[in-house]
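Shown next, in structure tokens, is the structure this report addresses.
The values are calculated or read from the model by the stated rules, or taken from the named source; none is laboratory data. Predicted model, so just to flag it, every value in this text is computed and none were measured. Here the Cβ positions follow ideal geometry from the backbone for every residue, glycine too, while neighbour counts run over all protein chains shown.
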Amino acid sequence: MKIAVPVHNGFVNDHFGHSEEFVVYTISADRKIESVQPVPSVEGCGCKSGIAQILADRGVSVLLAGNIGAGAIYHLQEFGIGVVRGCTGPADTAVKSFLAGAITDNGQTCSTHEGCDKH
């Protein structure tokens, strides 16, 4: 399994579309972090940037997010990537908490997108 996290300064970014990079975690069969690979962010808001395709091409099946809009969720899901919303804190800790079953989707979708309109 591969899990992606949008990050800013090592923390889960509070706004998916404004992430400086994404970190892809490869998870072993025994649910441990096997490797970590940074993926530079591309310009544009999350739903129009092409990041869903990039992450899917790297084998990502789950994205742990802070806040994320419906458009970005839709595009990620089109590429077979499930989204878990409401994650916070250091990215490594969020991944470990998710693997331990301590994080579930909070069901909240961001509705404000500064600098990204017509979703």
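Among the residues of this structure, GLY115 does not count as one that is surrounded by fewer than 20 Cβ atoms within 10 Å (Cβ to Cβ), at pLDDT 95 or above and on the phi > 0 side of the Ramachandran plot. Each residue in the stretch 70-91 was checked for being assigned to a helix (DSSP H, G or I) and surrounded by 15 or more Cβ atoms within 10 Å (Cβ to Cβ), and 6 pass. Of all the criteria given as (1) at pLDDT 90 or above; (2) closer than 21 Å to ASN9 by Cα, the one not satisfied by PRO40 is (1). Of note, PHE11 does not satisfy the criterion of being crowded, with 20+ Cβ neighbours inside 10 Å and modelled with pLDDT of 90 or more. Name the residue that is farthest from the chain's Cα centre (by Cα), counting only residues in the stretch 1-44 that are of a type in the set (Gly, Ala, Ser), within 16 Å of ASN67 (Cβ to Cβ) and outside any loop (DSSP other than H, G, I, E, B). Per the stated criteria, the residue is GLY17. Evaluation of ASN67 against the conditions (1) surrounded by fewer than 20 Cβ atoms within 10 Å (Cβ to Cβ); (2) in contact (Cβ under 8 Å) with a residue 40 or more places away in the chain; (3) under 23 Å from ASN106 (Cα atoms); (4) not hydrophobic (A, V, I, L, M, F, W, C) shows that the sole unmet condition is (1).
Tell me, which residue of the stretch 58-69 that is in a strand (DSSP E or B) and of a type outside the set (A, V, I, L, M) is farthest from LYS2 (Cα to Cα)? Result: GLY69.
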